[in-house]
Structure formats: C-alpha cells, structure tokens
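First the structure, in the form of structure tokens, and then the observations on it.
The values are calculated or read from the model by the stated rules, or taken from the named source; none is laboratory data. Owing to the predicted nature of the structure, the values given are computational and were not obtained by experimental measurement. Here Cβ is always computed from backbone atoms with ideal geometry, including for glycine, and neighbour counts include all displayed protein chains.
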Amino acid sequence: MYPNLYYLFRDWFNVEWKFLHFVNSFGFFVAIAFIICSVVLARELRRKSKEGVFQPTEETIVVGKPASVAELATNFLLGFLLGYKILGLLFLKNTLTVNPQEYIFSSQGNWLAGIMLGILFAVLKWKEKNKQKLAKPESRIIRVWPHDRVGEITMIALVFGLVGAKVFDTFENWDSFVKDPSSILSASGLTFYGGLICAGLALWWFARKHKINVLHFVDVLGLIMMLAYGLGRIGCQVSGDGDWGIYNSAFKTTANGGVSPATQADFQSALTQHAAFFSRHEAPHAFVPKPSALSFLPDWFFAYDFPHNVNETGVRLANCTDAQYCNHLPVPVFPTSLYEIIMCLILFGILWMLRKKIKTPGLLFGIYLIFNGLERFMIERIRVNVKMHFLGIEMTQAQLISFGIILAGVAMIIFAKANRRPIQPTDP
C-alpha cells in the first residue's frame, strides 16, 4: 500500500522527496479520475453535438475591459490559499509527521508565501486583461456549446459530489458524528451515493439552466460516472482507506505482510493472538478458499492484509521501521475495492459499446442506473459497512439506496421507451 506518493517514489525509484508526503494517494487518483473523465465527457458532448442532439446557446459578453477589483481580489485569494498551504509545506519542520488532512483543515501555513503568490496571481490577471483592453469596451454575442462547459460541469460535480458524500457519510455514521461533531470538517469519510445524488441533482439543474437536452445529457453522464467510480476506486485500493471487505478466514497473514492459505483453526488462533485489536473491531468473516478454476490468480486477489494502509488500522508489521503507516490487518479481508475497479471498468466498457447503438434518449442512463445498483448491492454482501434495519430487513445504507437506484433505472427505461421520438436538436 502507498498512503501517499512519498512511499511510492521511495519504493519504486529509491528517492525520498519529503514534500510528497502531502500528495495523498486517494486524492491523487481521484484527481486523475476527474481529468480523464473530463476529457471523455468533452469528447462525448462534442460527438452528440455533431449528431445534432445539442445546439449552442448565445451569450453576451463584454470584451476590452480592464481587470475589475473583484477579479483581482479573487485571483489574489486563490494565490494566497495555494501559497499559504501548498508552498507553506516547504517551510514546515515536521513535514514527515504532520497529517495531511489535519494540515489542510488547520490554520497552519506560511503567510509570506501566501501573500507573495497572491500578488503574483493578481498581477498575472491584470496583465492578461490589459493585453485585451480596448479603447472602448464592446459587447459581443458568442455561441457556447455544451462541450465548452466541461470545466463548469467538472467543478459542479466536484463540489457537490464532495459535499453530498460527506453529508451522507455523516448520517451513515451518526453515532460517531454525535460524539465528535467536528468530524464533519474532516477530509476523511465519504459516501459515494451521497456524492452521486447531490452532484446529479446539481447537474440536472445546470442542464436545464443552459437549455441542454436533459435526457441526452444524462446518457453521457451515466457513462462518465461509471468510469469515474472505477478509476476512483483505484485510490481506495492503493491507499488502503478502509473500503475493504469482511475477513476471509480461508487465508492468514504473516508477521511481515502477505497472505497464505489457512484453516478455521488458524482464524481462531489469530483472534486470540490479536485479542486487543479484535476487542475494538468486529470480526465478520467467511471461509472462501481459492477456487480451482481461478488457481492462476494470486492469493491476495481473494484475501489481502492491506499493509501500510493509510488508516493505520491493524497490527504492526514486524519488519517496518517507519514512524507512520506500519500496520496491516491481522486477518486478510476481501479486497472489495479491487473487485469494484474490475467490475466498474467492465460495465463502463459495455456502456461504451452501447452508446452509439442506442438511439432512444434516456435509455442508456437507465441501463447505467441498473448496472450501478446491481454492482453496489452485490459488493455490499462482502463489504464492511454499517448495518441498518429497514422494514425488518438488515442491510447497509448503500444497499437500500442501490435497490432504489435499480428501481429508478427500470422506471427510466420504461419512461424512455414510452416517450421515444427521433433526435431533435434543442433550441438555441
């Protein structure tokens, strides 16, 4: 596991760049997912525009004006925040031991670096606008296509996705929130479905506001969200952020990390040997040996101990001398984040192949909802999560929501077929 890029570069390239402690692996892969998905989103929106599905809207802008006070202030503030926090890392004496999430949400930083970078950003903005300045500013009408708004779409998805994921996680872990209300300001603890629902509603409003054909728009978004989820789960797997499954008692861990086949007696022995750990953690498990048909796969595909996980959950590795991230799980678990990476990328591939064949708007999005709900409902059966009771049935919050999403997908398909009509360009 690589909780941050410092450990990855140390392991792969034998270099120790201390500032990489602040490049969290999970955040890094989420950022990569957003970049890749933005490119795919722009491509798909452009393709649909060529097919006549989308039309541009006209907007009036004023060109030739010098930089306004608001623009200069905004750029200064952005530069100040980046300088205060990011450049401030270079001046920290305790770079190796400080927690990245705590640092970002703390008051720590460097005022001089913040002010200097803020001034630089403001000056660059002033120069940019000064080059475009006209003797007399004039109004112009420009045509804006949906693919020109990819930056706005990405930012809305990012902001509302993070807020929704945090809010839903708070409700899912209400007891922990009541004990420590300040945890809502922490960067840890995010629920995918919360982000999906909040970002989805925000983007629906955005499409209506800018007269983007909503049914065709959500067809594209379904495709992108499946890809984003699969890529984002890479960060969960690489960092070991706790999105893993229940224990697989058919395997055992070694003191230095790694797994090997075991018996039920080995599992009971591990429970006794690490009684202090299991007194604080439940031990749901299943005995699932490696199937003979899949004997070519490594043992860690079926059970993994997540060494050096970012949550520092588990017991200490015998051969680890680092100050941080020296734990691994005393009994290996199902690596559900790995399974979700594989399943979601396969499902994305299926949706990608169907996208040009399906002509009914909204139908592809309905299929995405069913795929998404089924995938998550099934993975929750072997995934560690908070259980809740609904109508006498024990299930997780994610299972309840995924069941609703499956029903929504079926309803979407019925609606799309009932309202099927030829492709018509939206009015500008």
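Give the residues of the stretch 374-418 that are in contact (Cβ under 8 Å) with a residue 40 or more places away in the chain, over 19 Å from the mean Cα position of the chain (by Cα) and in a loop (DSSP other than H, G, I, E, B), sorted by residue number.
V386
What pairs come out if I take residues in the stretch 322-344 that are more than 15 Å from K290 (Cβ to Cβ) and pair them with residues that are of a type in the set (K, R) and surrounded by fewer than 24 Cβ atoms within 10 Å (Cβ to Cβ) whose C-beta lies under 8 Å away, six or more apart or interchain?
Hits for this filter: C326/R316; N327/R316; V331/K252; T336/R383.
Go through (1) part of a loop (DSSP other than H, G, I, E, B); (2) surrounded by 10 or more Cβ atoms within 10 Å (Cβ to Cβ) one by one and return the number of the condition A270 breaks.
Here A270 meets the rest and fails (1).
Yes or no, residue by residue, for (1) closer than 30 Å to C37 by Cβ; (2) of a type in the set (D, E, K, R):
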{"site": "F267", "(1), (2)": "no, no"}
{"site": "F278", "(1), (2)": "no, no"}
{"site": "E282", "(1), (2)": "no, yes"}
{"site": "D305", "(1), (2)": "no, yes"}
{"site": "N311", "(1), (2)": "yes, no"}
{"site": "D322", "(1), (2)": "no, yes"}
{"site": "Y339", "(1), (2)": "yes, no"}
{"site": "K357", "(1), (2)": "yes, yes"}
{"site": "Y368", "(1), (2)": "yes, no"}
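For the stretch 359-381, give me each residue that is among the aliphatic types (A, V, I, L, M) and under 20 Å from A228 (Cβ atoms). Lay out the reasoning, then the answer.
The first filter runs over the stretch 359-381 and keeps only residues among the aliphatic types (A, V, I, L, M), leaving 363-364, 367, 369-370, 374, 378-379.
Answer for the stretch 359-381, where residues must be among the aliphatic types (A, V, I, L, M) and under 20 Å from A228 (Cβ atoms): L364, I367, L369, I370, L374, M378, I379.
Scan the stretch 244-254 and tell me whether some residue there is under 30 Å from I156 (Cα atoms) and either surrounded by 18 or more Cβ atoms within 10 Å (Cβ to Cβ) or of a type in the set (G, A, S) (or both).
Scanning the stretch 244-254, I find at least one residue that is under 30 Å from I156 (Cα atoms) and either surrounded by 18 or more Cβ atoms within 10 Å (Cβ to Cβ) or of a type in the set (G, A, S) (or both), so the answer is yes.
List every residue pair whose Cβ atoms lie under 9 Å apart, where the two residues are 6 or more positions apart in sequence or sit on different chains, the first residue falls within the stretch 207-227 and is under 17 Å from N419 (Cβ atoms), and the second residue, located anywhere, is part of a helix (DSSP H, G or I) and of a type in the set (S, T, Y).
V218/Y368; D219/Y368
Return yes or no: is N75 crowded, with 20+ Cβ neighbours inside 10 Å and not assigned by TED's automatic domain parsing to the domain that holds L345?
Working: crowded, with 20+ Cβ neighbours inside 10 Å: yes; not assigned by TED's automatic domain parsing to the domain that holds L345: yes.
Answer is yes for this residue.
Any idea which residue in the stretch 57-77 is farthest from I142 (Cα to Cα), counting only those that are in a loop (DSSP other than H, G, I, E, B) and in contact with a Pro (Cβ under 7 Å, 6 or more places away or on another chain)? Full working, then the answer.
Step one: list which residues in the stretch 57-77 are in a loop (DSSP other than H, G, I, E, B), which gives 64-68.
Narrowing the set further to residues that are in contact with a Pro (Cβ under 7 Å, 6 or more places away or on another chain) leaves 64-65.
Numbers: G64: 15, K65: 17 Å.
The selected residue is K65.
Within the bounds of the stretch 7-29, is there any residue that is part of a helix (DSSP H, G or I), acidic (D, E) and over 27 Å from A157 (Cβ atoms)? Give the steps one after another, and end with the answer.
Within the stretch 7-29, the first condition is being part of a helix (DSSP H, G or I), and the residues that meet it are 7-13, 18-22, 25-29.
Next, from what is left, pick out any that are acidic (D, E): 11.
Now drop any that are not over 27 Å from A157 (Cβ atoms), which leaves 11.
Yes: the stretch 7-29 contains one or more residues that are part of a helix (DSSP H, G or I), acidic (D, E) and over 27 Å from A157 (Cβ atoms).
Please state which one of A283, A323, A275 is within 13 Å of N248 (Cα to Cα) and of a type outside the set (S, T, N, Q). It would help to see each step written out before you state the result.
Numbers: A323 fails: within 13 Å of N248 (Cα to Cα); A275 fails: within 13 Å of N248 (Cα to Cα).
Of A283, A323, A275, the one residue that is within 13 Å of N248 (Cα to Cα) and of a type outside the set (S, T, N, Q) is A283.
If I filter the stretch 286-323 down to residues being touching a Cys at 6+ places or on another chain (Cβ under 9 Å) and either hydrophobic (A, V, I, L, M, F, W, C) or part of a strand (DSSP E or B) (or both), which single residue comes out as surrounded by the fewest Cβ atoms within 10 Å (Cβ to Cβ)?
R316
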